[in-house]
1. With every protein chain left in place and a probe of 1.4 Å, what is the accessible surface of Y9, to the nearest 10 Å²?
2. Nearest 10 degrees is fine. How inclined is helix 42-61 to the longest principal axis of the chain, computing both from alpha carbons?
3. Taking the chain as a Gaussian network, where each spring joins two C-alpha atoms under 10 Å apart, which residue of K49, K83, K16 fluctuates the most?
4. Apply the Karplus curve 6.51 cos²θ - 1.76 cosθ + 1.60, θ = phi - 60°, to the phi angles in the stretch 90-105 and return the couplings in whole Hz, x for Gly and Pro.
5. Give the carbon-plus-sulfur fraction of the accessible surface of the chain in %, rounded to a whole number; probe 1.4 Å, heavy atoms of protein chains only.
6. Roughly what would the spin-label model give for R84 and D65, points 7 Å off Cα along C-beta, in nm?
7. Would the stretch 1-44 count as rounded, prolate or oblate if I go by the C-alpha gyration tensor, calling it rounded below 1.5 in a/c and otherwise prolate when a/b exceeds b/c, oblate otherwise?
8. At 1.4 Å probe size, with every protein chain present, just tell me what the per residue accessible area of the stretch 1-48 comes to in Å².
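The values are calculated or read from the model by the stated rules, or taken from the named source; none is laboratory data. Note that the structure is predicted; figures quoted are calculated from it, not measured. FYI the Cβ positions are ideal-geometry reconstructions off the backbone, even for glycines, and counts take in every protein chain you see. Please note that ligands, DNA and RNA were not included when accessible areas were found on the heavy atoms of the full protein model with its side chains. Shrake-Rupley method; radii C 1.70, N 1.55, O 1.52, S 1.80 Å.
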Amino acid sequence: METRAIAKYVRMSPIKLKPVVDLVRGKDLKEALTILKFTPGKGSELVEKVVQSAAANAENNHDMDPDNLYVAEIYANQGPTLKRWRAASHGRAQRINKRTTHIGVTLREKE
């Protein structure tokens with residue numbers, strides 16, 4: 001049995017989120033939440049919210065025991081990029097890429 005949670009269009013670059021995601025892949029739910037709580041940075045807060053959402057889905061929608069859950073799959077893939085312009089010298093314009101990310105978490109019960 002497994003359950004999922006996805007956060008789409010998160011306004012942070014996937015390059016900043018992927019190291020945080022790699023920290024908790026394959027860990028128990030409680031251990032993963034503890035790691036995310038004490039990891040500095042905004043990225044860990046965003047990933048923690050998605051993991052907590054997946055845990056709530058497991059408990060409330062699928063009647064799974066939170067003590068037996070582990071992070072089976074977790075990813076931070078690139079979403080669409082917002083392209084913006086900034087004034088530069090000599091009347092030119094420079095492009096600013098505001099990147100977005102899709103964060104997905106799959107929790108499974110231990111056998």
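1. Spelled out: Y9, probe radius 1.4 Å, area about 140 Å².
2. 40 degrees
3. In the Gaussian network model the winner is K83.
4. With the stated coefficients, the stretch 90-105 comes to 6, x, 8, 10, 10, 8, 10, 9, 9, 7, 10, 9, 10, 9, x, 10 Hz.
5. Here it works out to 47 percent.
6. Simple spin-label model gives 4.9 nm for this pair.
7. Oblate is the answer for the stretch 1-44, as a/c is 1.5 or above yet b/c matches or exceeds a/b.
8. Roughly 63 Å² per residue, with all protein chains present.
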